[in-house]
Amino acid sequence: VATGLSGLDANLFVAVPQDDRLGYVGKVTEVNVGVVEVLQQQGYVPVIAPIARGEDGKTYNLNADTAAGALAAALGASKLVYLTDVEGLYRDLGDHNSLISRITSAELSTLLDSGSASAGMLPKLRSCVEAIEGGVERAHILDGRVQHALLLEIFTPEGVGTMITKEPVP
């Protein structure tokens, strides 16, 4: 059973302003997972609105990908999965044959530093790196338009999207 939460509930997310030019857009500084853990123990699946209480007492909007990555790391999750409208990460955005099926967080960081990732994917990719560096074992970027994409990624050797890990996977 799903239940709705916001990042304000039990101070789930605490944030600081990301950039004064963006107004009330925040950057997560703290994640308090207690309320999520209690709901999970009771059989609920939390659906969380990405807003946060600011350290200054104001309310801030969070990037949903960034909030999800921070929450996954704070919970000690083994997997972080993003369902999106692209097949995964491409080395060359215009070349559909350049889909990266597996990449390490270090390789992804290098790719991000090179500036070759598309702007729309940046928060998602950065949150994958941060989640992996925060202890999450694997992050997956999958095309949510593909039927059974999650099952195909997890239960087949080749997968269907992009998997990010700390160490190379054989």
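The values are calculated or read from the model by the stated rules, or taken from the named source; none is laboratory data. Every value quoted in this text rests on a predicted model; they were computed, and no experiment measured them. Counting neighbours? That spans all protein chains shown, and the Cβs are built from the backbone with ideal geometry, glycine included. Surface accessibility is based on the protein's heavy atoms, side chains included, excluding ligands, DNA and RNA. Shrake-Rupley method; radii C 1.70, N 1.55, O 1.52, S 1.80 Å.
Quick check, is Ala139 hydrophobic (A, V, I, L, M, F, W, C) and part of a helix (DSSP H, G or I)? It is false that Ala139 is hydrophobic (A, V, I, L, M, F, W, C) and part of a helix (DSSP H, G or I). Any residue in region 25-41 that's closer than 18 Å to Pro123 by Cα: show its pairings with residues that are in a loop (DSSP other than H, G, I, E, B) and open to solvent by less than 40 Å² (accessible area, probe 1.4 Å) at Cβ separation under 6 Å, as long as the two are six or more apart or on different chains. Here the result reads Gly26/Leu62, each pair linking region 25-41 to a residue that is in a loop (DSSP other than H, G, I, E, B) and open to solvent by less than 40 Å² (accessible area, probe 1.4 Å).
Taking the listed residues Gly43, Gly26, the one that is loosely packed, with under 15 Cβ neighbours inside 10 Å and outside any helix (DSSP H, G or I) is Gly43, with no other qualifying. Remark: pairs (first residue in region 150-170, within 17 Å of Leu89 (Cα to Cα) and open to solvent by 50 Å² or more (accessible area, probe 1.4 Å); second residue at pLDDT below 90 and not in a helix (DSSP H, G or I); Cβ separation under 7 Å; 6+ apart in sequence or on different chains) = Leu152/Gly159; Leu152/Val160. Within region 52-66, residues that are assigned to a strand (DSSP E or B) sit with their Cβ atoms under 6 Å from residues that are among the small types (Gly, Ala, Ser), at 6+ positions apart or across chains, in these pairs: Ala52/Gly7; Ala52/Ala15; Ala52/Gly26; Gly54/Ala15; Tyr60/Ala15; Tyr60/Gly26; Tyr60/Ala52; Tyr60/Gly54. Looking for something closer than 23 Å to Ile154 by Cα, without any contact (Cβ under 8 Å) to a residue 24 or more places away in the chain and either within 12 Å of the chain's Cα centre (by Cα) or surrounded by 14 or more Cβ atoms within 10 Å (Cβ to Cβ) (or both) - is there at least one such residue anywhere in region 83-94? For region 83-94, residues closer than 23 Å to Ile154 by Cα, without any contact (Cβ under 8 Å) to a residue 24 or more places away in the chain and either within 12 Å of the chain's Cα centre (by Cα) or surrounded by 14 or more Cβ atoms within 10 Å (Cβ to Cβ) (or both): present. Taking region 101-136 as the range and being assigned to a helix (DSSP H, G or I), touching a residue at least 24 places away in the same chain (Cβ under 8 Å) and open to solvent by less than 50 Å² (accessible area, probe 1.4 Å) as the test, the residues that pass are Ser105, Leu108, Met121, Pro123, Lys124, Leu125, Ser127, Cys128, Val129, Ala131, Ile132. Entry remark, region 137-149: residues being open to solvent by less than 80 Å² (accessible area, probe 1.4 Å) and over 12 Å from Arg102 (Cβ atoms) number 5 in total. For the condition open to solvent by 50 Å² or more (accessible area, probe 1.4 Å), at pLDDT 95 or above and under 19 Å from the mean Cα position of the chain (by Cα), what is the one hit in Leu75, Leu62, Leu71? Only one candidate passes the filter, namely Leu75. Of everything listed in (1) buried (at least 20 other Cβ atoms within 10 Å of the Cβ); (2) over 13 Å from the mean Cα position of the chain (by Cα), the single unmet condition for Ser98 is (1).
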